[in-house]
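A.B. asks: Here you go, one structure.
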Amino acid sequence: PNQWANDSITYGKNLFQVLEAQGAKEVRKLGTFNQNPPPYGFIFRKNDPSFPAIDTFVTGVDSMIYISRSFPAKWATGQFETPPIGPATHWQRLHWERESFDAHNEKLWLSVYGIRQDASDTLLYILDDQNVKSLSHLSTTEYPYLKLRYEGQDSTLRTLPQPKYLRVLYSSLPEGAIHPVAHEYFYADTLQQGDIMSSSVAFRNVSDAPMDSLFVRYRIENEAGQSIKIMDKNLKPLAPGDTLHADFSMDTRLLNGPYRYFAYMNFDSVQPELRLNNNVYFHKFFVALDNRNPLLDVTFDGMHIMDGDLISPKPIINVSLKDDNPFLALSDTTAFDLHVQLPDGSVNPVYFSEVMFMPAEVSDLPHKNTAKLEWRPHFTQDGEYRLLVYGQDASGNASGTLDYTVTFKVINKSSISNLLNYPNPFSSSTCFVYTMTGVETPVRFKIQIMSVSGKVVKEITESEFGPLRPGTHRSDYCWDGRDNFGDQLANGVYLYRIVAKKADGSDFDFFENQSVDGYFKHGIGKMVLMR
């Protein structure tokens, strides 16, 4: 090859040029070897640039050249096979027809093979001129699939007749498929704990065969692949072309973290179906943990008290627990735990048979998630008590790092202290502060405001003052310094006293209060009006 180029001088062209014109690309490299040129191979179709040519050479002593190309040609024999036909629930008939023979020595036949479940096949029939063949006696259990092989010989013209049609009639298996384009719904990829996870997806019968009642398995699994919930359901039968919606929903109050949702249509091949790989719907979602604390509130007779306050021996104690989670209702008594410490130091639990429990209204959760307790005890011992309250929401979040505690005093004897007006001196108005013990309240009550000479200038009745309540309170009523006729009184010192009567007409008892009694003398107090 190192001398091939010289032929251009004598002949006007050389072998490199001839082979390159046919598509060779590697041949000119042979000219670089001065001695022992390597083996070279070249396969091409003469003067046909549409046929991909290949050329190569090897330099290794033990190397081999392997090149191959397929090219069309007219052969004396030929055949083709159909892909597997089926699966079938009932074989019916075979119809086929071919073109006419154009030579006397042409031969052509159609072979019918039965294919088993293990993919092995058996030759069942060889047909030449029989154009219709009944297949009804074939067992679809033994042969769920068939295959046709069309083959023949033509050694003269090599123009084997082509088939006009090959038709196998049979009852096929139904075929359904998930169809999310038609309908797909998934509530949210991230849900708050307690929210309702819901999903819906369309499933369509895409075959000409009807499907029986569809058995569906819904499954929730955690990140480790463990099943959290499995639910089976039978849906309606599906006529050919019909569609149904597979709906699923569940409460997420017991979930926390990432999960996967599956809907398996025709699970476990309960009814025969053509294929199952298009029967599974899958979606990932995340449940965010509820970690916010609920709010606890405790009132005595509708009031918030301070440590050491005096209350009624028969109070109405209301405990409420409010949670901002609109999905996990406070509907169980386990949300509360109450204990009371008596004056003798003993601590007793408050049983739920003693209280009225009012769960959160499920229908109103998006606006309010509040549970309440109402306890109406009767504290028979005088002295100091201590109430301990613990609250937690449906997720177990406590209302606080420490239990709610409050101390209070109880005096069973019904009595009232002297009243103090505040502020004193006053310019525009003054209110009254009092303490009352026991359960009984005065049947008749009034405050008389007098001048220093003893003349009553203003009388505040019970209807004006408002009902008296056990404990220490500031009155809702405040005196504006005007007399019974509404006229403004002059600046100066005024006296006042309390008139309180029991049901039997006797005076209501007054108890001693050293912090207050110093401002009274013989049951009469003093106030100063200054403008």
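The values are calculated or read from the model by the stated rules, or taken from the named source; none is laboratory data. Just so we're clear, the structure is a prediction, and the values are computed from it rather than from any experiment. Because the Cβ atoms are built from the backbone with ideal geometry, glycine has one as well, and the counts that use them run over all protein chains shown. With ligands, DNA and RNA removed, areas are computed over all heavy atoms of the protein, side chains included. Shrake-Rupley method; radii C 1.70, N 1.55, O 1.52, S 1.80 Å.
A.B. asks: For the stretch 32-178, with the dipole built from +1 on Lys and Arg beta-carbon atoms and -1 on Asp and Glu ones, taken about the Cα centre, which of 173, 100, 144 lies farthest toward the positive end?
C.D. replies: Result: 100.
A.B. asks: Just read off the accessible area of residue 68 with the full protein assembly in place, 1.4 Å probe, to the nearest 10 Å².
C.D. replies: Here the residue's solvent-accessible area equals roughly 60 Å².
A.B. asks: Same structure again: Using 13 Å as the cut-off for backbone N distance, which residues of the stretch 248-288 belong to the label zone defined by a point 7 Å from the Cα of residue 119 along Cα→Cβ?
C.D. replies: Hits in the stretch 248-288 for residue 119 at 13 Å: none.
A.B. asks: Using θ = phi - 60° and the Karplus curve 6.51 cos²θ - 1.76 cosθ + 1.60, what whole-Hz ³J(HN,Hα) does each residue of the stretch 218-223 get, with Gly and Pro shown as x?
C.D. replies: Karplus-based 3J(HN,Hα) across the stretch 218-223 equals 9, 9, 10, 10, 7, 5 Hz.
A.B. asks: Need the full-extension length gain, residue 453 to residue 134, defined as separation in residues times 0.36 nm minus the C-alpha distance. One decimal, nm. Show your work: numbers first, answer last.
C.D. replies: Working: separation 319, 0.36 × 319 = 114.84 nm, distance 13.21 nm.
Result: 101.6 nm gained on full extension.
A.B. asks: Could you pull the accessible area for residue 97 with a 1.4 Å probe, rounded to 10 Å²?
C.D. replies: The accessible area of residue 97 comes to roughly 70 Å².
A.B. asks: Hey, with R₀ at 30 Å, roughly what FRET efficiency would residue 200 and residue 291 work out to, going by the Cβ-Cβ distance, to 0.05? Don't skip to the end; give the middle numbers.
C.D. replies: Numbers: r = 30 Å, r/R0 = 1.01.
Plugging the Cβ-Cβ distance into 1/(1 + (r/R0)^6) gives 0.50.
A.B. asks: Please sort 59-66, 32-39 by packing, taking for each peptide the average over its residues of neighbouring beta carbons within 10 angstrom, highest first.
C.D. replies: 32-39, 59-66
A.B. asks: Also, quick follow-up: Summing +1 for each Lys or Arg and -1 for each Asp or Glu, what net charge is found among the other residues whose Cβ lies under 14 Å from the Cβ of residue 504?
C.D. replies: 0
A.B. asks: Another question, if that's okay. Where does the chain land on Rg/Rh, using Cα atoms and the Kirkwood Rh?
C.D. replies: Reported Rg/Rh (Cα atoms, Kirkwood Rh): 1.43.
A.B. asks: What order do 147, 25 take when sorted by accessible area (1.4 Å probe), most exposed first?
C.D. replies: 25, 147
A.B. asks: Could you work out how far apart the two model spin labels at residue 443 and residue 424 are, taking each label as a point 7 Å from the Cα in the direction of the beta carbon, and quote it in nm?
C.D. replies: Distance between label points: 3.0 nm.
A.B. asks: Got the relative contact order for the stretch 178-286 handy, in percent, Cα pairs under 8 Å and 6 or more residues apart?
C.D. replies: 32 percent
A.B. asks: Next question, about the same structure. Once both labels are modelled 7 Å past Cα along the beta-carbon direction, what's the residue 284-residue 167 spacing in nm?
C.D. replies: 5.0 nm
A.B. asks: Further question on the same structure: Can you tell me the dipole magnitude for the chain around its Cα centre, using point charges on the Cβ only (Lys, Arg +1; Asp, Glu -1), in Debye to the nearest 20? Spell out each step's value before the answer.
C.D. replies: Details: 50 positive and 63 negative charges, 209 e Å.
So the dipole magnitude of the chain works out to roughly 1000 debye.
A.B. asks: Given R₀ = 22 Å, FRET efficiency for residue 32-residue 71 by Cβ-Cβ distance, to 0.05?
C.D. replies: 0.10
A.B. asks: Ok, one more. Full extension from residue 245 to residue 50: what is 0.36 nm times the residue separation minus their Cα-Cα distance, to one decimal in nm?
C.D. replies: Length difference between fully extended and current span is 64.8 nm.
A.B. asks: Okay, next question. Against the empirical 2.2 N^0.38 Å scaling, what ratio does the C-alpha Rg of the stretch 348-411 come to? Don't jump to the answer; show the numbers that get you there.
C.D. replies: Numbers: Rg = 14.8 Å, N = 64, 2.2 N^0.38 = 10.7 Å.
Working it through for the stretch 348-411, the quotient is 1.39.
A.B. asks: Hey, rough spin-label estimate for residue 337 and residue 374, points 7 angstrom out along Cα→Cβ, what's it come to in nanometres?
C.D. replies: The modelled label-to-label distance comes out at 2.6 nm.
A.B. asks: May I ask you to give the solvent-accessible area per residue for the chain, in square angstrom, as obtained with a 1.4 angstrom probe?
C.D. replies: 56 Å²
A.B. asks: Would you tell me the accessible area of residue 164, worked out with a 1.4 angstrom probe on the heavy atoms of the protein chains, in Å² to the nearest 10?
C.D. replies: Approximately 130 Å² for this residue.
A.B. asks: With the full set of protein chains in place, find how many percent of the accessible area of the stretch 185-252 is carbon and sulfur; take the probe as 1.4 Å.
C.D. replies: Values: 1490 of 3250 Å².
Roughly 46 percent of what the probe reaches on the stretch 185-252 is carbon or sulfur.
A.B. asks: Right, here's the next one. How large is the convex hull of the Cα atoms of the stretch 291-436 per residue, expressed in Å³ as a whole number?
C.D. replies: 152 Å³
A.B. asks: Using a 1.4 Å probe and counting only protein heavy atoms, arrange 510, 51 so the residue with the most accessible area comes first.
C.D. replies: 510, 51
A.B. asks: Using a 1.4 angstrom probe on the protein heavy atoms only, could you order 390, 281 from most to least accessible area? Before the final figure, lay out each step's value.
C.D. replies: Details: 390 65, 281 15 Å².
Ranked list, largest accessible area first: 390, 281.
A.B. asks: Go ahead and run the numbers for FRET between residue 79 and residue 229, Cβ-Cβ distance against an R0 of 45 Å, rounding to 0.05.
C.D. replies: Once rounded, the FRET efficiency stands at 0.25.
A.B. asks: State the extension gain, in nm to one decimal, for the chain segment bounded by residue 364 and residue 127, taking 0.36 nm per residue of separation less the distance between their alpha-carbons. Kindly include the intermediate steps, with their values, before the conclusion.
C.D. replies: Working: separation 237, 0.36 × 237 = 85.32 nm, distance 7.71 nm.
This chain segment gains 77.6 nm when fully extended.
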